[in-house]
Each structure stands twice: as C-alpha cells, then as structure tokens.
Amino acid sequence: GERVVRQAGTLLVRSCLPRRIAPDYAAASCTPRPPRRLSLTEPAAPSPPPPRDAPSLAARAADPPRPRTACLLPLAGTAAAIEEAARRVLADMKLLLLIVGCPTTALAFAGGLLMEESELAMPGYATDTDIQTTPWAESSDVGGCSLPGGFPYKPYALALGDMPALGKLVFKNNYCGLVLEVDCPQGKPVKAVVASVKDHYSYATGTDLVWDAWDAAELGDGGDGNPQGEYTNCKVTLTDEHLLTTVDPVCAQRPDSISGASNYYRSVGMFNNPVPVVSATLAGIAGKFSGDSAYFDFGPTGQPVLKMDADFTVTYADGSTITKKLGDCGSSSSVHIFGLGHNVGFDFNVVE
C-alpha cells in the first residue's frame, strides 16, 4: 500500500464533526477513518491524479466507495433504519411490561402506539359493547379540552379514555367538543360532550361521566349520595349532534392563552361541528395541537402577522373547511365547566 512519511511540524487532528452520509451509503463497514493531518509548514504541491479511462469512471459510479464512518444497518436506507429502531423500542417496552406482570397493559400499550392518527371516527361510528364506563366527578375541570366559556352548551359531559376497545374513538385532540352517546344496558343512553381525557396513555379506560350525566343515564347511586360503580359492557357512538344548542360554528382563542396572545403568537380553535377537526392555519401558517385540546398553537412567527384580520381556516375529516377572521373568534379567558350547579365558566383572569 501507499507509504505515508510523517514530516516535521505535522500535527495529527481527529475531527469530531459529524459527516454527511448519502442514502446509498447507508450500509457500510465501521472501519475507523484515518486522522486528518494539519501541516504547520508550507505543503508541497500535490501530485496530479493518474489518468482514468472511461470504463474505470463508469465502474466507480456504479459502485461508489462507502464512507468509513457508516455502520452496517440491518435494513438498507435511513428510513428503513428508523423503522427498525422503532420496532425494537416497541418490542422492548412490551417485553418489559410483560416481565413486570402487566400483560394486559403491554398489549394495550402496543395497540395504542400502532394506532394511526389518521384513523378518525366519523359520525355514526360505534364501538362494541365492551367499553368501561365510570362516574367522574361533580363537575368537569379546566384542563383537557378547555372548552371556551360564554357559549350555550349541551348539558352533559364526559372524559374520554384510550382503551384499545374504543377503536377509532380512542382519545385524540380531534374529538374535543364532539358529542358521544354512552349506552350501558344497566341504565339508558345518555349523550355527553367530550370535555377532557381520562387517564391519558394508560390504554385501560373508556369513559368517565360527570355525575349529572351518570344520573341521567340512571346507572345507580350509592347510599352516601355519591355515584359508585363501574360497567364494562357499554357501547359508545359518535353522534352527529352539535356541541352547542345552536348550529353555527364558533371559534375562540384558548382561554389560558389570552394574557400572552399577540400578533406573534396565538392559540385558536373552531367548535360546534360534529365532524372531527384535522388541521388549521392562521394567516397561512400551519398550527399544531395545543396539549390535549382541539386548539391550535401558531407561532412564534418572528413576524407580526397573526393580526385580527388574519384568516383562521380549519379543515375537517370529511374534507370540508370553515374560515373565520381571527377578530371574529372569542377571546374570553374562561373555560366552560359542566356539572351540577355550574352555569358559568372558570375565569383564568380571576384569582380566588
């Protein structure tokens, strides 16, 4: 092989910078790259490269050299490598849950991770009769969906879980504000608004009914006045009913975002459509779901474009869209609270 002569004044430096690897180089050996040489003296003029004929150039193009920093991957290509790594992580997590004695949770965990976000239920979708239903509390809270105050809501609410038996109805941000029917044979059907999420990522729970909804379903009441019980043979259906007693869509800024809202940052949602929301833009900028809610966060944009005359456009699972000016969206700092004796919302600007 070629003999390398180390000259005086030559410093060996090993680079720590990452090297870009072309996709077709994904599978290669892990041979260490030789150290770079930084010459402290005037370098000699490089020798001209030997002439290459056309056949050798063609052969090199057909079989390019592989970078010495690349490692052999079990599947060719970067995308395939990522997919393989994800499979291994999922398998390891499932195995760990099985080892610690949680086979049901292990299967539920795997099923939840493999559920495609695009698999949204449409009105009329119903589960089998194997959904867990329990009572929640006297009233809903300010977390979860954080539905905006100041609108005429239907009376009952629930928290939606993510047990695999729910199928396409496992909790997703898209379902906040939609109306579900819960039908347990021990009582009668009740329709309730999705106001929050129940035990998110536990993959073990179905629906939690606010107490007045539980009573309306006639599912029993304990001797101490508190609802008690758990049913595991209920059916859940996504209805085509509206969230409000009116039918027009309404938009609102997220209540706890009002104090920090500006032309650079907004959090906005559209409600009162029985079809799940899919995406939203504001002033042409794509938003991202905010927490466990159906609001979308926009910004920081770096430019003051999120003004009151900006168009807020929401796209739904059926392909339809609704557009409103941001200035037409509610800016109340209160969250609607469902439940017994609650006719007003909780105001984030009020310190109790």
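The values are calculated or read from the model by the stated rules, or taken from the named source; none is laboratory data. The shown structure was predicted, so the numbers you read here are calculated from the model rather than taken from an experiment. All Cβ positions, even for glycine, are placed from backbone atoms using ideal geometry, and neighbour counts span all protein chains on display. For the accessible areas, the whole protein counts, side chains as well, though only heavy atoms, and no ligand, DNA or RNA atoms are used. Shrake-Rupley method; radii C 1.70, N 1.55, O 1.52, S 1.80 Å.
A compact table of results
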item: So N273, is it farther than 17 Å from L306 by Cβ and in contact with a His (Cβ under 8 Å, 6 or more places away or on another chain); result: yes
item: Residue in region 207-228 that is in a strand (DSSP E or B) and open to solvent by 10 Å² or more (accessible area, probe 1.4 Å) present; result: yes
item: Single unsatisfied condition, N273 versus (1) in a strand (DSSP E or B); (2) open to solvent by 10 Å² or more (accessible area, probe 1.4 Å); (3) among the polar types (S, T, N, Q); result: (1)
item: Test: residue in region 186-203 that is of a type in the set (K, R), in contact (Cβ under 8 Å) with a residue 12 or more places away in the chain, closer than 19 Å to C145 by Cα and surrounded by fewer than 24 Cβ atoms within 10 Å (Cβ to Cβ); result: yes
item: Residue that is most open to solvent (accessible area, probe 1.4 Å), among those in region 142-181 that are charged (D, E, K, R) and within 17 Å of the chain's Cα centre (by Cα); result: K168
item: Any hit, region 281-290, residues being within 20 Å of S332 (Cα to Cα), open to solvent by 40 Å² or more (accessible area, probe 1.4 Å), under 20 Å from the mean Cα position of the chain (by Cα) and not β-branched (V, I, T); result: yes
item: Residue ID - surrounded by the fewest Cβ atoms within 10 Å (Cβ to Cβ), chosen from residues in region 291-310 that are modelled with pLDDT of 95 or more and small (G, A, S); result: G291
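Residue by residue, here is whether (1) more than 23 Å from S279 (Cα to Cα); (2) in contact with a Cys (Cβ under 8 Å, 6 or more places away or on another chain); (3) among the acidic types (D, E); (4) at pLDDT 95 or above holds:
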{"site": "L107", "(1), (2), (3), (4)": "yes, no, no, no"}
{"site": "M115", "(1), (2), (3), (4)": "no, no, no, no"}
{"site": "Y125", "(1), (2), (3), (4)": "no, no, no, yes"}
{"site": "D128", "(1), (2), (3), (4)": "yes, no, yes, yes"}
{"site": "P135", "(1), (2), (3), (4)": "yes, no, no, no"}
{"site": "A165", "(1), (2), (3), (4)": "yes, no, no, yes"}
